[in-house]
Amino acid sequence: MKERIRVLIVEDSLTVRRYLCAALSSDPDLEVVAEAEDGKRAIELCRELRPDVVTLDMVLPVMSGLAATEYIMAYFPTPILIVSSSTNRGELFRTYEALAAGAVDVLEKPSGIETNGQWEQHFVSSVKLVSKIKVITHPRATLRSLGRREELRTRQAATPPAGKLGVVAVGASTGGPRAVIEVLRAVPAGYPVPILLVVHIGSPFGTAFAEWLDAETPHRVACARDGESLSHGAGRVIIAPPDRHLLVQRGRLVLTSDAPRHSCRPSVDVLFESVAREYGAASAGCLLTGMGRDGALGLLEMRRSGALTIAEDESTCVVYGMPREAIQIGAAERILPLGEIGPVLAGLVNKIGPERHE
C-alpha cells in the first residue's frame, strides 16, 4: 500500500485551519498528522512527528513563521510551503526572508471568490510537489548574519573596470530568492553592466521583491519600466514585475502581457531569447534553481549567439528542474554550484566579445 504524504498545518485561525484540513483530507494521498496555531508549537510537532511537509502561515503568535522556518531548517530540515495572505511591505519582506532561509514556495490564501474548488486543487497539488523536494540544512538567521546593504558595500571588492560585456540575464523559479541573493552578494557594488532578472514569484508576493533585494544586496534594484533605455542600467539589477514579460528591444526594456510561456509570465525564455538577439556574444545568461523547463530554450539561444551560459549544478539546486532541462539540451557552457556563480559573473568584465551598440 502506498504511504500517504504526512502534512503538518500551521495556522493561527481555527476557521482557516479547518478549511486547509478539509482540502487536504479530500485527497487519499495526503494525511494531516497534526495542527499548530503558533510557531513554537510548530517546531515541537515538527521535531516529534517529522512530517513530510509543513504548510506555514507567516503571521503567528508566540513565534513568527519566519522564526519557525529558520529553526526548522537549521535543526530538522523539512519542506515548507508558506500559505499566507500577507500583503504589507514588512510582512512581504518576512516572506522573502523565509524563502531565503529554506522555505520552498509560497501560496496566497484563498480570497473567497474562487469557484469549483480551484484554490483547493492548487493547494493540494502544491503540497504534493513541495513534499517531494529534498531540502538541506540552513543556518539560522542567514540573512541577518550577512549584514545589510551598507555593510556589504564596505566588504565588496573594488568595482571592476567597464569592459565589453553588455548585459547579464538571470532566471530562477522555486528556490529562487535564496539563490538570487547569494549570487548578487558575490557581485561587486557598482557592477558596470545591468543585470536583468526574472524570478517566478506571483502577485501579491512579487510586489515588494525588488525593494527587498535592494535592501539585502549591495546593488540598486528596481522593477523594469516599459521603454526605459538599457544604457541607463549600468550598476543596477532590473527585475521583471509580476505578470509581465520582460525583454530587450533596440536597446530598451519592453514589458508585455503576451501569453504565458510554460505557464509562466514573466518567462525566463522570453528574456533570454531577446538578449540573444540584441547582445549576442556581449551577454551572459544564468539559469538557477526552479521547477519546470522555462529558460532552457532561451539559454540555448544565448549560447548559439556566442554568449557565456551558466546553469546551476544539481548539488546546490532546491529544485533541479530548469537547470537540468538546459543542461540536457546543451544550453549550458558552464555548470557551477551556486557559490561559484556570483564570482564568475563578477570576473566577466573585459572577458567577453565586443559590446553591441545601438
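The values are calculated or read from the model by the stated rules, or taken from the named source; none is laboratory data. Predicted, not measured: the structure shown is a model, and the values here were computed from it. Please note: Cβ atoms are built from the backbone with ideal geometry, for glycine as well, and neighbour counts cover all protein chains shown.
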Counted residues, the stretch 226-247 - those being out of contact with any strand residue (DSSP E or B) (no Cβ under 7 Å at 6 or more places or on another chain) and either in a loop (DSSP other than H, G, I, E, B) or within 23 Å of G202 (Cα to Cα) (or both): 4
Tally of residues being of a type in the set (V, I, T) and either part of a helix (DSSP H, G or I) or not assigned by TED's automatic domain parsing to the domain that holds R41 (or both) across the stretch 67-89: 2
Which listed residue, of G175, G235, G166, is under 21 Å from D294 (Cβ atoms) and at pLDDT below 95: G175
So L92, is it assigned to a helix (DSSP H, G or I) and buried (at least 16 other Cβ atoms within 10 Å of the Cβ): yes
Answer residue from the stretch 6-19, given it is modelled with pLDDT under 95 and among the hydrophobic types (A, V, I, L, M, F, W, C) and is nearest to G117 (Cα to Cα) among those: V16
Among the candidates E278, E273, E314, E340, residue that is free of Cβ contacts under 8 Å to residues at least 24 places away in the same chain, under 20 Å from P194 (Cα atoms) and surrounded by fewer than 24 Cβ atoms within 10 Å (Cβ to Cβ): E340
Hits in the stretch 201-222 - residues which are surrounded by fewer than 19 Cβ atoms within 10 Å (Cβ to Cβ), of a type outside the set (G, A, S) and either in contact with a Gly (Cβ under 9 Å, 6 or more places away or on another chain) or free of Cβ contacts under 8 Å to residues at least 60 places away in the same chain (or both): R220
Odd one out for T142 among (1) under 30 Å from L230 (Cβ atoms); (2) modelled with pLDDT under 85; (3) surrounded by 18 or more Cβ atoms within 10 Å (Cβ to Cβ): (1)
Hits in the stretch 291-304 (condition: modelled with pLDDT of 95 or more and assigned to a loop (DSSP other than H, G, I, E, B)): D294, G295
Boolean, D269 is touching a His at 6+ places or on another chain (Cβ under 9 Å), in a loop (DSSP other than H, G, I, E, B) and within 17 Å of V170 (Cβ to Cβ): no
Among (1) over 27 Å from V130 (Cα atoms); (2) under 22 Å from the mean Cα position of the chain (by Cα); (3) outside any helix (DSSP H, G or I), the one test that G330 misses: (2)
Odd one out for R50, checked against (1) closer than 17 Å to V130 by Cβ; (2) buried (at least 24 other Cβ atoms within 10 Å of the Cβ): (2)
Residues located in the stretch 4-21, provided they are of a type in the set (A, V, I, L, M, F, W, C), touching a residue at least 40 places away in the same chain (Cβ under 8 Å) and assigned to a helix (DSSP H, G or I): V16, L20
Residue that is surrounded by the fewest Cβ atoms within 10 Å (Cβ to Cβ), among those in the stretch 260-269 that are in contact with a strand residue (DSSP E or B) (Cβ under 9 Å, 6 or more places away or on another chain) and farther than 7 Å from H245 by Cα: P260
Any hit, the stretch 23-43, residues being without any contact (Cβ under 8 Å) to a residue 12 or more places away in the chain, in a helix (DSSP H, G or I) and closer than 18 Å to G65 by Cβ: no
Filter result for the condition that a residue is in a helix (DSSP H, G or I), closer than 19 Å to L300 by Cβ and touching a helix residue (DSSP H, G or I) at 6+ places or on another chain (Cβ under 8 Å), over A276, A215: A276
Selection count, the stretch 44-59, where residues are more than 16 Å from P77 (Cβ to Cβ) and assigned to a loop (DSSP other than H, G, I, E, B): 3
